[in-house]
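Take a look at the structure below.
Please treat every number below as a calculation from the coordinates, not as lab data. Small disclaimer: the values here were computed from a predicted structure and weren't measured. Ideal geometry is used to build each Cβ from the backbone, glycine not excepted, and the neighbour counts take in all protein chains shown.
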Amino acid sequence: MKALMQSRPDCLDYPGGDTVQMLQTRAALERLGVCVDIDSSETANVSEYDLVHVFNSLVMPAAYYQIMNAKRACKPVAYSPIFWNISSLPVPVSFSREINTFTNRVLKRISGRELVSREGHACEITTRIRQEAAFLASDILLPNAESEHDQIRSMFPRINNTAHIIPNGVDEDIASGNEERFRSSTGIQGQFVLCLASICPRKNQLRLAAACRSLGLLFVAIGGCNKLNQTYLSECRKAAGNSMIYIEALPHEAVKDALSACRIHALASSIETPGLATLEAAACGKNVVVCNRGSVQEYLGNDAFYCDYFSVNSIARAIKAAWDAPPPVSLTNRILTDFTWNRAAELTLSAYNEAINLAKGR
């Protein structure tokens, strides 16, 4: 079998969790004998492929154009949406009641239903239309969790595509990092709170920095920071005082070293589905601080320390509890058993075969 994987056009320049999911799934599929190429252009030549696998529904319009390009070529499409209805989150509202009323009126006229919630969370019209069209055109959906699939069906009632849950995973050797190598290469000494994530408001490093400062703990943030978020990075440094160290995105082997060196990992995002860095940290035997929204709880249950994205105090309490708690042995064992890339690839390959058969029947 030969498959083409596609994601947002800048996924390799600014790697995030979606990039890791794509690359790790590719590597594991190749171990199963599948030939996998990556080309995230919107007009890729897909003629030589048995199937196109698209990732990420939140960054539009790339996924929409990629899926439509594949369907014009009569190719089966598997879609890993990495979706959550962000408009349902309790974010601060800047829209006036008059604007929301007007927007709802327009959206109802177009879609037959309200797409701006009464709390005032605006959904961009074109994005929602393209998201729904992309879902409808796909032969099979591959959400990372049941709760993610529920979100899709709730937001887009017409979606009844075949779907298979493909859990995110970790490398089976994720805990093979070298603490001394990390400390030698960075000069970091002592215990610290680690956050592996792109630097941006959604990942919430600003409040993490403030929370760590309030506890007198060293905060180490590792991740890419694009030009749009340089000001945000400066705000994080200011909030942390002298308690923050920022390191640009590292190769995965170096990430393993960082995980081996940290005391705990914190990812207090507005939403995660579920957050690959969190899974990796827990698989390394580290306590994890996580957001209380998204599909995180479906993976971690009661073995994580949950916090409120908006509250520095809530984040600080979760960090303190995680810092003082013993290692999460049961969670570590569960992740290394149930959530590996090899298992995800086996499920993905089965879904590929089903998508190809479904497309033949149409």
Built amide H within the under 5 Å cut-off of Thr340, gap 5+: Val170
- prompt: Which whole-number value in Å³ per residue fits the convex hull of the alpha carbons of the chain?
  reply: 136
query: To the nearest µm²/s, what D does Stokes-Einstein give for region 281-362 at 20 °C and 1.002 mPa s, using the Kirkwood radius over alpha carbon pairs as Rh?
result: 143
field: Centre separation in Å (Cα based) which lies between region 159-187 and region 261-283
entry: 10
message: Highest mean first, how do 144-156, 234-246 rank when packing is the count of other Cβ atoms within 10 Å averaged over residues?
response: 144-156, 234-246
field: Angle between the chain longest axis and helix 62-72 axis [Cα atoms, degrees, rounded to 10]
entry: 30
task: With a bin width of 10 angstrom, please list the P(r) values of region 154-289 as percents of all Cα-Cα pairs, from the 0 bin to the one holding the largest distance.
output: 12, 40, 31, 11, 5, 1
Options Met60, Met1, Ser185, ranked by Cα towards positive dipole end of the chain, top entry (Cβ charges): Met60
- prompt: Given a Förster radius of 45 Å and the C-beta distance between Ala73 and Ala325 as r, what FRET efficiency does 1/(1 + (r/R0)^6) yield to the nearest 0.05?
  reply: 0.30
